Amino acid sequence: MKHSIPVAETCVRELAAYFLEYQGFSGVPPTALVSISHVPFHVNDAFSSMPYKVSSLQRFMCLDFDAGELGPGSFTVASVHPIGILDVRVLNLDRHAGNMLVKRCEQDKGVGTAELVPIDHGLCLP
């Protein structure tokens, strides 16, 4: 399925997933499109101007793990369902443990819980 989505379109899909998330329900980090120009992008002498690339940029999230390091038994249904709902809404084709980041949260009685942060939505909205 990855071959059906052009690489140049993944940044727009990342932004769309952020916009389609409902008021932070699933925890997708704030995302924006950026335009970057740099000399190494100049690979074709047919263009006289400095070439640029468009990409997506997400807010850096200071987290402890990715979900693959902990296993599925480490998360509550309440922490997983919002991401599942988002993935169904945007038809995400690439959800796996490596693109769910984990932040440990301490509850009042010292029992640890985890906050999941979904990233990597470039293969959604096929």
Do we have any residue at all in region 17-26 that's at pLDDT 90 or above, polar (S, T, N, Q) and more than 18 Å from L91 (Cα to Cα)?
no
What pairs can you find where one residue is in region 99-113 and more than 10 Å from A67 (Cα to Cα), the other is among the polar types (S, T, N, Q) and at pLDDT below 65, and their Cβ atoms are less than 7 Å apart, with a gap of 6+ or different chains?
T113/Q107
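The values are calculated or read from the model by the stated rules, or taken from the named source; none is laboratory data. Remember, it's a predicted structure, so these values are computed and weren't measured experimentally. Every residue, glycine as well, gets a Cβ built from its backbone with ideal geometry; the counts of neighbours run over all protein chains shown.
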